[in-house]
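One structure below.
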Amino acid sequence: MGTRQKIGVIGGGQLAWMMAIAAKHLNIELTVQASSPDDSAVTVADRVIYGKVDDASATAKLAEHCQVITFENEFVDLVALQKLIDGTGERRLLFLPKLATLAISVDKLNQRQHFRKHHIPTPEFYSVETELELLAAAEKLSYPLVLKARRHGYDGKGTWVIADEIELRSAWESMHQAPAIAEAFIPFERELAVIAARSESGEIAIYPVVETLQTNQVCRRTIAPARVDPTISKKVETIAKQILTTLKAIGIFGIEFFLTAEGEVSVNEIAPRTHNSGHYTIEGCQTSQFDQLLRVVSGMQLGSVSMVAPVAVMVNLLGFEKTLGIDADYLEKRKVIASFPNTHIHWYGKKSSSVGRKLGHVTILSETHDRAIDISDRIESIWYSN
């Protein structure tokens with residue numbers, strides 16, 4: 001099988017932007033389906049097709065320029081994409097990951113049911129479509145519990161930690177009673193994550209297990225490798241392999257885990273794409289997660305996932321104010337941060353800021369966890385100081 005040199009990606013945000021930069025090193029022609037000229041990837045992609053993520057007619061135009069199409073996010077219209085495949089006749093339209101994999105991974109109920117079926121450890125959960133089911137689930141789980149919209153959640157959007165029935169009813173109303181899952185709240189000691197890739201031939205590469213630190217359910221920091229016992233890392237890797245194999249997944253996946261004080265590991269959720277917890281791989285590993293995804297979908301050999309430094313810490317640069325133009329204050333702070341040693345800053349070029357919006361990230365390479373975390377603390381105090 002020859003390699004495919006023309007790749008399409010649905011979505012034009014920062015993940016597509018980093019993919020487009022990686023594509024240049026691999027001599028791959030990347031076409032993005034972007035919703036607006038302001039999208040980060042527009043400036044670096046080889047070609048741009050305009051259309052919202054769920055606009056299948058734009059995807060049909062994208063397909064004219066590509067041998068394979070991959071995804072930046074999960075907000076696609078799977079039914080419409082399936083119709084595209086069914087309607088292509090002679091020319092086989094190839095999506096990687098495949099739509100059957102996406103159908104499981106983009107819907108939190110389907111994810112949980114898949115885990116249960118394959119004995120993959122995951123919190124106890126119930127499907128919720130009516131108020132009656134909602135209250136019945138709460139009774140079985142007891143409080144606190146977690147309520148999640150089945151689709152379109154990210155960075156904490158679509159997820160509520162619920163303390164009592166008043167909060168439960170309020171969250172249910174605020175999500176317009178959309179199909180949801182109610183699940184047990186796991187009193188975790190820390191959150192772990194891993195980036196895992198699987199090729200068309202079934203070859204699997206698993207990056208180092210990392211810790212993620214969340215604030216308001218948005219990742220603030222990733223620490224690689226995680227400061228956990230090797231037996232815990234082994235458990236995480238085994239589960240990641242099991243997920244990729246049972247999904248027959250082709251692509252790259254961000255998998256998030258809970259770790260309890262007793263050393264129990266369970267899967268929180270999976271994302272069928274490159275993931276914020278893998279940004280450290282750009283400078284921290286032999287092959288970045290973006291390179292790896294392009295290798296998978298183009299049919300190349302998987303690259304090495306070993307780290308190039310003992311420790312890498314990634315700090316997200318989140319918006320700290322709501323502005324239409326990106327503020328001069330952001331520029332000043334970036335200059336200060338860029339002067340730190342062994343520090344790599346990525347700025348996504350977004351045209352507006354809002355509180356908590358991902359505007360960029362910094363990766364620190366270091367000999368020790370303590371040193372990297374000390375620099376991370378200093379970077380955060382500069383970024384979030386008034």
(request) Return a yes/no flag: does segment 156-169 have any residue that is part of a strand (DSSP E or B), open to solvent by less than 60 Å² (accessible area, probe 1.4 Å) and hydrophobic (A, V, I, L, M, F, W, C). (result) yes
(request) Run down Tyr348, Tyr384 and say which single residue is aromatic (Phe, Trp, Tyr), touching a strand residue (DSSP E or B) at 6+ places or on another chain (Cβ under 6 Å) and closer than 17 Å to Arg220 by Cβ. (result) Tyr348
(message) List the helices (runs of 4 or more DSSP H) inside segment 250-347, counting only whole elements, that have at least 2 residues being at pLDDT below 95.
(response) 328-338
(request) Mind counting the residues in segment 134-155 that are at pLDDT 90 or above and surrounded by 15 or more Cβ atoms within 10 Å (Cβ to Cβ)? (result) 11
(request) Please go through segment 328-363 and pick out each residue that is surrounded by 17 or more Cβ atoms within 10 Å (Cβ to Cβ) and either more than 20 Å from the chain's Cα centre (by Cα) or among the acidic types (Asp, Glu) (or both). (result) Tyr330, Lys333, Arg334, Ile337, Thr343, His344, Ser353
(request) Name the helices (runs of 4 or more DSSP H) wholly inside segment 1-87 in which the number of residues that are open to solvent by 60 Å² or more (accessible area, probe 1.4 Å), within 25 Å of His279 (Cα to Cα) and touching a strand residue (DSSP E or B) at 6+ places or on another chain (Cβ under 9 Å) is 1 or more. (result) 14-25
(request) Could you list all residues from segment 197-226 that are farther than 20 Å from Glu283 by Cβ and in contact with a strand residue (DSSP E or B) (Cβ under 9 Å, 6 or more places away or on another chain)? (result) Arg198, Ser199, Glu203, Ile204, Gln214, Thr215, Gln217, Val218
(request) Within segment 111-122, track down each residue that is assigned to a loop (DSSP other than H, G, I, E, B) and touching a helix residue (DSSP H, G or I) at 6+ places or on another chain (Cβ under 8 Å). (result) His118, Ile120, Pro121, Thr122
(request) Only residues that are assigned to a loop (DSSP other than H, G, I, E, B) and closer than 30 Å to Glu167 by Cα: list them for segment 179-212, please. (result) Pro179, Phe185, Ile186, Pro187, Phe188, Glu189
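The values are calculated or read from the model by the stated rules, or taken from the named source; none is laboratory data. Values in this document were obtained by computation on a predicted structure and should not be read as measured data. Cβ atoms come from the backbone with ideal geometry, glycine included; neighbour counts cover every protein chain shown. Quick note on the areas: whole protein, heavy atoms, side chains included, nothing else; ligands and nucleic acids left out. Shrake-Rupley method; radii C 1.70, N 1.55, O 1.52, S 1.80 Å.
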